[in-house]
Amino acid sequence: MNRLFVPVLSAACIAMTCLLAACGNDSPSPALSTDTATAKAVSAGSANTAQATLPDTVAFRGETDGKPTALYILKNSRQAQVAITNYGARIVSFLVPDKNGVLKDVVLGYDSIGKYIHRPETYFGAVVGRYGNRIAKGKFRLDGKTYSLATNNGPNSLHGGRKGFNAVVWDARQVDDRTLELSYLSKDGEEGYPGNLRVKVTYTLYDSSNALSIRYEATTDKSTVLNLTNHAYFNLNGQGSGPIANHLVQISADQYTPVDSTLIPTGRIEAVAGTPLDFRQPVTIGSRINDDHIQLRYGKGYDHNFVLNPAGEGGRMAQKQAWVPSAVVQGDRSGIVLTVFTDQPGLQFYTGNFMNGSNPLKGGKTDEYRTAFCLETQHYPDSPNEPSFPSSRLDPGKVYKTQTVYTFSTKK
């Protein structure tokens with residue numbers, strides 16, 4: 001479906017710097033919302049200078065569905081460390097230095113395998129599929145046949161169903177200190193999807209930059225639909241550091257797909273101009289999140305697919321030109337900057353609107369309301385039921401290939 005290519009990080013950093021030119025801490029911002037005011041109060045407190053650490057690998061040794069679970073560590077020479085478990089092929093921790101050189105864990109997660117299995121929130125850091133995001137009414141038609149899926153999100157199917165890729169044990173192979181390969185066979189009929197689907201996800205932590213590449217690859221023996229993404233929850237000030245309202249966000253999207261009250265796209269593609277969903281210039285998350293706008297009421301905040309702007313010949317991640325950033329986010333206190341690159345057509349921006357403090361995180365923290373955001377690279381939600389959307393179909397003999405890169409830097 002999509003071409004896989006070798007990254008050129010120096011070019012990526014140049015493109016990222018250009019997009020962030022207006023993202024200084026002195027940039028003017030709109031009037032404070034309640035979320036922003038709360039975040040300001042937290043920011044006024046003393047800075048946390050404690051170095052973040054990785055979870056204990058022993059707490060991830062176990063067995064689920066007859067397969068062993070474990071925690072794998074990737075490291076580079078620039079202090080970055082990533083902990084990944086083969087349960088759900090998920091990112092558990094991501095340690096990067098802030099503007100003062102203090103390591104921060106910028107990804108939410110649990111400190112043991114048992115909590116990932118038994119706690120209510122099961123998507124933290126996971127690879128979700130077969131179909132990331134929602135499919136309306138848990139049904140789609142392919143080649144004249146209707147396929148029925150589990151409806152696990154109101155009337156709709158979400159992230160592959162009741163037991164998606166986030167809730168299975170993947171086969172793991174650590175290639176070296178910076179590369180981990182995870183494989184899974186999703187059998188024909190699993191969660192209602194057709195075809196035996198062989199999936200491989202490769203995590204690579206680059207040594208030349210604090211960048212994590214996620215490469216997805218899959219083949220099938222029967223026509224099916226597929227939409228893989230990673231569901232990392234980020235807080236660039238560090239997990240458990242408070243609200244994300246003052247994080248600066250910029251998204252390279254002139255359009256988005258509006259949703260109905262069940263968060264299924266209406267089928268239209270509309271301009272972000274003149275709406276609270278306009279992130280074409282840097283703006284804080286909290287500045288407009290509580291505006292009286294129908295889309296924000298439906299999502300209880302931001303939970304929308306953005307139609308990424310085309311990047312010309314070669315795509316957003318062409319090998320011989322600077323990558324084009326899809327999104328840039330800056331932590332207001334840490335100075336940590338996350339730049340997302342992808343070859344996918346869409347990006348789901350979610351602001352933790354359903355977080356409620358019920359899940360115990362690493363380090364004794366909890367997942368409080370709007371203390372994390374997600375940037376899920378993807379095909380559009382409900383694409384199998386919307387012929388006008390980019391196709392998510394995968395046929396036998398074809399190879400699904402896509403890549404997303406999270407790059408971390410700092411800005412004073």
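The values are calculated or read from the model by the stated rules, or taken from the named source; none is laboratory data. Computed from a predicted structure; not experimentally measured. For neighbour counting, all protein chains shown are included, and Cβ atoms are generated from backbone atoms with ideal geometry for every residue, glycine included.
Taking first residues from the stretch 282-307 that are among the aromatic types (Phe, Trp, Tyr) and partners that are part of a loop (DSSP other than H, G, I, E, B) and crowded, with 20+ Cβ neighbours inside 10 Å, the Cβ contacts under 8 Å between residues at least 6 apart in sequence or on separate chains come to 298/263; 302/277; 302/289; 302/351; 306/253; 306/277; 306/279. Selection of the stretch 368-412 for residues being more than 27 Å from residue 213 (Cβ to Cβ), in contact with a strand residue (DSSP E or B) (Cβ under 9 Å, 6 or more places away or on another chain) and acidic (Asp, Glu) yields 382, 386.
For residue 41, are the conditions met, namely being over 23 Å from residue 235 (Cβ atoms), modelled with pLDDT under 50 and part of a helix (DSSP H, G or I)? It is false that residue 41 is over 23 Å from residue 235 (Cβ atoms), modelled with pLDDT under 50 and part of a helix (DSSP H, G or I).
Going by the structure shown, is residue 338 assigned to a loop (DSSP other than H, G, I, E, B) and touching a residue at least 24 places away in the same chain (Cβ under 8 Å)? Against the criterion (assigned to a loop (DSSP other than H, G, I, E, B) and touching a residue at least 24 places away in the same chain (Cβ under 8 Å)), residue 338 does not qualify. A single entry from 340, 399, 405 fulfils the requirement of being closer than 24 Å to residue 134 by Cα, surrounded by fewer than 17 Cβ atoms within 10 Å (Cβ to Cβ), β-branched (Val, Ile, Thr) and modelled with pLDDT of 95 or more: 399. Residues in the stretch 169-188 that are surrounded by fewer than 22 Cβ atoms within 10 Å (Cβ to Cβ) and in a loop (DSSP other than H, G, I, E, B): 177, 178, 187, 188. Within the stretch 182-199, is there a residue that is aromatic (Phe, Trp, Tyr) and either modelled with pLDDT under 95 or within 18 Å of the chain's Cα centre (by Cα) (or both)? For the stretch 182-199, residues aromatic (Phe, Trp, Tyr) and either modelled with pLDDT under 95 or within 18 Å of the chain's Cα centre (by Cα) (or both): absent. Considering the stretch 53-78, and only residues there that are part of a helix (DSSP H, G or I) and surrounded by fewer than 17 Cβ atoms within 10 Å (Cβ to Cβ), the residue that is farthest from the chain's Cα centre (by Cα) turns out to be 58.
With respect to residue 27, is the statement that it is within 30 Å of residue 291 (Cβ to Cβ) and either modelled with pLDDT of 95 or more or among the small types (Gly, Ala, Ser) (or both) true? It is true that residue 27 is within 30 Å of residue 291 (Cβ to Cβ) and either modelled with pLDDT of 95 or more or among the small types (Gly, Ala, Ser) (or both).
Just so you know, in the stretch 94-110 the residues that are in contact with a strand residue (DSSP E or B) (Cβ under 8 Å, 6 or more places away or on another chain) and surrounded by fewer than 24 Cβ atoms within 10 Å (Cβ to Cβ) include one that is nearest to residue 58 (Cα to Cα), and it is 95. Any idea which of (1) in contact with a Ser or Thr (Cβ under 6 Å, 6 or more places away or on another chain); (2) assigned to a strand (DSSP E or B) is the one residue 409 doesn't satisfy? Every condition holds for residue 409 apart from (1). Contact map, the stretch 154-173: residues that are over 23 Å from residue 72 (Cβ atoms) paired with residues that are charged (D, E, K, R) and in a helix (DSSP H, G or I), Cβ distance under 9 Å, separation 6+ or inter-chain. Pairs shown: 155/137; 156/137; 157/137; 157/191; 161/190; 161/191; 162/191.
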